[in-house]
Each structure stands twice: as structure tokens, then as C-alpha cells.
Amino acid sequence: MKIADERKAEELQACYSCESNLGYPVVWEQIDDLMWRVEMRCPNCSSRRFKTVSRETMRVLHKNARLGREVIMKVLDGMIKTNMKESADKFFSALGKDLILPVDFSGRLL
């Protein structure tokens, strides 16, 4: 990958309205063997714009999106584990204080 393609992908992800660098492609189509037309959307301000870019720039953009998804999934996994631990700690604390009764598991509302 060329450094120029990486810069173009970074520029493509940058929003002209709010300066966020989290832009992502929502629509893309191949124009010919070398060029793609892509619609980018900013998640912060919802602005959209179209650009025509090279195949290599699209590859870099795709790689950046994949890496971003991986980061999000790792953060989400950590949040899920933290929430589960907090829920378990609260449950065991309530259980230790005899605050949990059989009726809590009946499925009926009182």
C-alpha cells in the first residue's frame, strides 16, 4: 500500500463539517478497473459526500473499517464482561443478605 493511498483514505474519513475522523462508506460502486465512487457519512453530524477514489484507496478504507470494527468489538466485549460481573456481584450481595426470595423466580408479578 502506498502512503498516498493511506492519506487519501484518512482524508476521506475526515468530515468537512465537524472535523470528525470517523466517516465511513455507506454506498460504493466500481466505476472501472481502477476507480470507485463512494458515498461517505459522518456519524457525528450525519453529513454525506461523494468522492471518486482509486482501488487502492478503497482497500485502505476497507482495512480501516475492519480495524475500527475490531476495536469496537473489543470494547463491547469488555463492557459486557464488566456489566455481567457487576450484576453477579449485586446478586450475590443480595443473596448473602437474604434479600432474594423464591417468589423472585416465579415469573409472576405481585
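For Arg37, which of the numbered conditions (1) farther than 22 Å from Ile3 by Cβ; (2) within 18 Å of the chain's Cα centre (by Cα); (3) part of a strand (DSSP E or B) fails to hold? Exception for Arg37: condition (2).
For Ile3, the stated conditions do not hold, so it cannot be described as at pLDDT 95 or above, of a type in the set (Val, Ile, Thr) and farther than 14 Å from Ala65 by Cα.
To keep it simple, each residue is scored yes or no on (1) assigned to a helix (DSSP H, G or I); (2) without any contact (Cβ under 8 Å) to a residue 40 or more places away in the chain.
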{"position": "Pro43", "(1), (2)": "no, yes"}
{"position": "Thr57", "(1), (2)": "yes, no"}
{"position": "His62", "(1), (2)": "yes, yes"}
{"position": "Val75", "(1), (2)": "yes, yes"}
{"position": "Lys81", "(1), (2)": "yes, yes"}
{"position": "Met84", "(1), (2)": "yes, yes"}
{"position": "Ala94", "(1), (2)": "yes, yes"}
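The C-beta contact set for segment 20-34 (first residue farther than 14 Å from Ser54 by Cβ and free of Cβ contacts under 8 Å to residues at least 24 places away in the same chain, second residue of a type in the set (A, V, I, L, M) and in a strand (DSSP E or B), distance under 7 angstrom, 6+ apart or interchain) comprises Gly23/Met40. Note on segment 2-23: residues that are surrounded by fewer than 16 Cβ atoms within 10 Å (Cβ to Cβ) and either within 22 Å of the chain's Cα centre (by Cα) or on the phi > 0 side of the Ramachandran plot (or both) amount to 11. Within segment 87-99, one or more residues are charged (D, E, K, R), surrounded by fewer than 10 Cβ atoms within 10 Å (Cβ to Cβ), farther than 30 Å from Tyr24 by Cα and at pLDDT 90 or above.
The values are calculated or read from the model by the stated rules, or taken from the named source; none is laboratory data. Since the model is a prediction, treat every value here as computed from it, not as a measurement. With ideal geometry, Cβ positions are generated from the backbone for all residues, glycine too; neighbour counts draw on all protein chains shown.
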